[in-house]
Amino acid sequence: MQNNITLLNLESLTKYLYPESKQFILQILDSTDSTNSFLINLLKNKQISDSTDFIYVVAAELQTKGRGRNGHSWRSGFGESLTFSLSWRFKKYPASQLSSLSLIIGIAIIRVLRHFSIEGVSLKWPNDVLVNRSKIAGVLIELRSGIRNSYQTVIGIGINFNLSENTRNCIDCNVTDLFEVTGKLLDRNLILSALLVEIKKTISHFEMFGFSYFKNEWISYHAFEGKHVCLNMPNNQIVQGIVDGVNDNGAICLLTDSGRKMFDVGEISLRDIN
């Protein structure tokens with residue numbers, strides 16, 4: 001691991017975001033428990049208006065209680081990852097159609113990483129980003145009802161940039177980071193600005209066209225498409241099958257012994273068929 005850290009700073013972010021910088025309200029913290037929790041508290045305390053069209057963004061050098069999906073923790077040392085959250089207000093958009101939002105965000109992350117020539121990047125349903133089957137990024141979506149049938153979503157993203165050995169030893173899955181993949185210390189300000197612009201564009205298209213517009217692109221990125229997998233359900237039931245795409249709401253489709261079935265919850269893993 002290299003110890004050189006380029007800190008996040010508003011001047012660089014604003015420069016890289018131009019001319020779209022006026023659409024974002026940016027805040028950088030040295031440390032917080034969780035950027036998602038920080039942003040949710042701003043919403044609860046009415047420090048962010050339910051009617052605003054600005055995109056609030058909070059990034060932190062360190063999360064002391066970073067959160068992932070299904071109660072998992074996100075672990076990273078100071079400046080080792082890019083961890084940030086942003087708010088997006090969906091106006092009169094059915095909550096039932098927001099179940100695929102984490103898949104949409106995954107597409108945006110893939111597009112940006114590929115733009116920076118990062119190879120071997122793929123998705124794992126529903127919200128992990130992989131490089132050569134090791135996790136490099138994750139997404140956590142949290143929903144909050146707003147005024148006049150609107151919904152405020154808080155979208156949390158974490159991307160590993162340069163993990164220490166101590167951090168890696170605390171993580172219970174295969175992980176990688178951008179330094180390991182590229183051999184370069186990439187500027188987190190540049191990556192964050194590119195992500196914000198791409199996420200804004202991608203969600204705007206999602207609002208207009210729905211997930212079906214992105215479905216084939218998402219499937220093309222899915223590392224487990226056509227693979228034998230085990231789907232671990234919240235009730236500890238395990239479903240086995242072959243991945244056969246996703247439906248128009250982002251639910252994963254499995255070819256099982258009892259037919260083609262769709263699931264919108266669960267954790268998938270490759271099945272050992274030897």
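The values are calculated or read from the model by the stated rules, or taken from the named source; none is laboratory data. Quick caveat: nothing in here was measured; it's all calculated off a predicted structure. Neighbour counts are summed over all protein chains in view; Cβ atoms, including those assigned to glycine, are modelled from backbone coordinates with ideal geometry. The protein model used for the area step is the full one, side chains on, heavy atoms only, and it has no ligands, DNA or RNA in it. Shrake-Rupley method; radii C 1.70, N 1.55, O 1.52, S 1.80 Å.
Note on region 183-227: with neighbouring protein chains present and a 1.4 Å probe, carbon and sulfur make up 52 percent of its accessible heavy-atom surface.
The residues of the chain expose on average 48 square angstrom of accessible surface per residue, using a 1.4 Å probe on protein heavy atoms. So how far, in whole Å, is the C-alpha centre of region 226-274 from the one of region 95-110? First find each Cα centre; the distance between them is then 19 Å.
On full extension of the chain, what length is gained from Asn174 through Asp53, given 0.36 nm per residue of separation minus the C-alpha to C-alpha distance? Let's see the in-between values first.
Details: separation 121, 0.36 × 121 = 43.56 nm, distance 3.83 nm.
Length gained between Asn174 and Asp53: 39.7 nm.
DSSP bridge analysis restricted to the chain gives an antiparallel fraction near 85%, rounded to the nearest 5.
Determine which aspartates and glutamates satisfy two conditions relative to Lys91: a Cα distance under 19 Å, and not lying fewer than 8 residues away in the same chain. The qualifying aspartates and glutamates are Asp50, Asp53, Glu142, Glu207. Dipole check for region 1-46: with +1 at the C-beta of Lys and Arg, -1 at the C-beta of Asp and Glu, and the Cα centre as origin, the magnitude is about 220 Debye.
When a/c reaches 1.5 or more, the comparison of a/b and b/c decides; with that in mind, is the chain rounded, prolate or oblate per its Cα gyration tensor? Oblate shape, in that a/c is at least 1.5 and b/c is the bigger or equal ratio. By the rule of a C-alpha distance below 18 Å, with chain neighbours fewer than 8 residues away ignored, the aspartates and glutamates paired with Lys184 are Glu80, Glu119, Glu165.
Mind checking which aspartates and glutamates have their C-alpha under 12 Å from Lys65, skipping anything on the same chain fewer than 8 residues away? Result set, ordered by chain and number: Asp33.
Cross-link pairs exceeding 20 Å between alpha carbons, from the set Lys124/Lys201; Lys44/Lys200; Lys124/Lys261; Lys227/Lys261; Lys44/Lys135; Lys15/Lys200: Lys124/Lys201; Lys44/Lys200; Lys44/Lys135. For the chain, the residue among Leu163, Gln237, Ile203 whose Cα projects farthest onto the positive side of the dipole built from Cβ charges is Ile203.
Working note: 222 nm ellipticity from helices only, DSSP H runs with n ≥ 4, each -39,500 (n - 2.57), summed and divided by the residues of the chain, gives -8000 deg cm²/dmol to the nearest 500.
Can you find, among Ser134, Ile268, Gln47, the residue sitting farthest towards the positive end of the charge dipole of the chain, where Lys and Arg contribute +1 and Asp and Glu -1 at Cβ? Final value for the positive-end residue is Gln47.
In order along region 5-19, the phi-based Karplus estimate (6.51 cos²θ - 1.76 cosθ + 1.60, θ = phi - 60°) of 3J(HN,Hα) comes to 10, 8, 5, 5, 8, 5, 4, 5, 4, 4, 5, 5, 7, 4, x Hz; Gly and Pro are listed as x. When the Gaussian network model of the chain links Cα atoms closer than 10 Å, the mean-square fluctuations of Arg188, Arg114, Arg133 top out at Arg114. A crude spin-label estimate for the pair Lys91 and Glu217, with each label 7 Å from Cα along the Cβ direction, gives 2.3 nm. Ordered by 1.4 Å accessible area with all protein chains kept, His115, His205 run largest first as His115, His205. Think of each Lys and Arg Cβ as +1 and each Asp and Glu Cβ as -1; about the Cα centre, that makes the dipole of the chain roughly 600 debye. Dipole magnitude for region 62-196: about 660 debye, using +1 per Lys or Arg Cβ and -1 per Asp or Glu Cβ, origin at the Cα centre.
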